[in-house]
Amino acid sequence: MSFLDRIRPAKEAEVEALHRQFETAPPARPAEMPLRDFQAALTGGKSIIAEIKRKSPSNPDLQQSGPPGALARAYQRGGARALSIVTDAAHFGTSLGDVAALRAAVDLPVLVKDFVIDPAQIRAAWAGGADAVLLIARMLDPDSLRGLHAEATALGLSVLVECHAADEIEQALDAGAKLVGINNRNLATLTTDLAHGENLLPLVGRDVLRVSESGLDCRADVDRMSRAGADAFLVGHALLLSFDPGRKVAELTGKEAEDALRIKICGLTNAADAQAAFAAGAHLLGLVFAPSPRQIDHERAREIRAAVPGARLCGVFQDADPAAVMVAAENCGLDLIQLHGNESPRECRELAAATGLPLIKALGPTEATSAVVAAYDAAAYFLVDRPKGALGSCDHQALRDAAIRIRTEGREVFLAGGLEPGNVAEAVRDCVPFGVDVSSGVESEPGRKDHAALRNFIREANS
């Protein structure tokens, strides 16, 4: 029995409940939720639809926590053109009640994915803020597919018709579909095969926008399915797997090269320096909320966020109250959290779960043992901060050993401490980090960046 067969009884019960609800309270869409054009957002080629779900039946061990709005903002900054949310709480952990938070967080159109068998589900999605809905051809006979498609388009919704076989594509086109999704997942076994999509995509005419769904794990997969004819790509599972979903979206969209050295400019205190760092090619901008000559308050952080809306901001904290970190993350639009104190693995897990943001845990070279790295299982990255002024070859050996231990545990490492334009290339060559972090090494005075030094640092690091 396929997953679609197993889930149908639950959907029939939901439909009955919706009919009873609508008898006394007909669905209405709030005025503050105007329709956004989902199909238009996907024009231009290689468009990513980033999906939000808290769990997946195909891998029950995976869990994604944190506010949906925080994920939506991360996806938008990563270059996603639209969002998708699976509104089946029992199996995927997210519901129609989460849609309003997505719309409030970003201006991207939202596809509501449910297992639709009745017009009441479409009306509920429309009233809940959907801009597009999903119809799965395999769940519907041709007449039902045609009727549901007409119901949705009459409400102004875009309709993505998902197909798994050639005859389903024909039914979708007969129903008037302008958006056809080819699912690379076998719904009986829940396994994926991109070759399946490659065989089916050419059957969809070029006057229809073609979406490749499932099994898209990297930019090469996007390129492969684009060559087969896909215009857009719906990605969910790869984001659920990622320690840093925002970065994953940026890699899938091509905004960040997967093999790029990530460069973090830290200790930014003003909008002009942040703009200069972002324009020069920095991947992460660090804002210090811990005691430091470079410490800033929320008002200044919000000014920087407004000045670089497309940048990824990392807030730096040291033994801070978790509640204060959470408030800063929300108020200042942070994308990552860096912890520089004695925060325990448990505290890191709780903070990651509460905020939904990737964590960077700072360690000294000798602290970064395999056991310590393994204990900090909630950390997406580690930052190895070498002692100030320690620039000799012996120090490089300690850093190199720490980086190897971290990579052996399947994590990525940023190198920090004493870096400047004159030594960053050597440090990168010797230690092969995932990224580098600089603050004082590109300053004219504490808290003020030298823009020429910024550019030189990034050029030398990439050399």
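Quick note: the coordinates plus some simple rules give every number you see, no bench work behind them. Being a predicted model, the structure only gives us computed values, none of them experimental. Here Cβ is always computed from backbone atoms with ideal geometry, including for glycine, and neighbour counts include all displayed protein chains.
So the values come out like this:
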read-out: Full-stretch length increase - residue 342, residue 300 - with 0.36 nm per residue and alpha-carbon distance subtracted; value: 12.5 nm
read-out: Approximate shape of the stretch 327-462 as ellipsoid semi-axes (Cα gyration tensor, √5λ), whole Å, largest first; value: 25, 20, 12
read-out: C-alpha long axis of helix 271-280 to longest principal axis of the chain, angle in °; value: 80
read-out: Links that overshoot a 26 Å alpha carbon limit, given the list 11/55; 178/255; 113/178; 55/178; 46/248; value: 178/255; 55/178
read-out: Bridge type composition, the chain - antiparallel percent by DSSP, nearest 5; value: 5
read-out: The stretch 3-253: relative contact order as a whole-number percent, Cα under 8 Å and 6+ apart; value: 22
read-out: Derived scalar couplings ³J(HN,Hα) [the stretch 325-330; Karplus, 6.51 cos²θ - 1.76 cosθ + 1.60; whole Hz; x for Gly, Pro]; value: 5, 5, 5, 4, 4, 6
read-out: Under 17 Å from residue 449, Cα to Cα: lysines that are on another chain or at least 8 residues apart; value: 264
read-out: Packing-based order for 165-176, 69-80, 289-300, 232-243, using average beta carbon neighbours within 10 Å, highest first; value: 69-80, 232-243, 165-176, 289-300
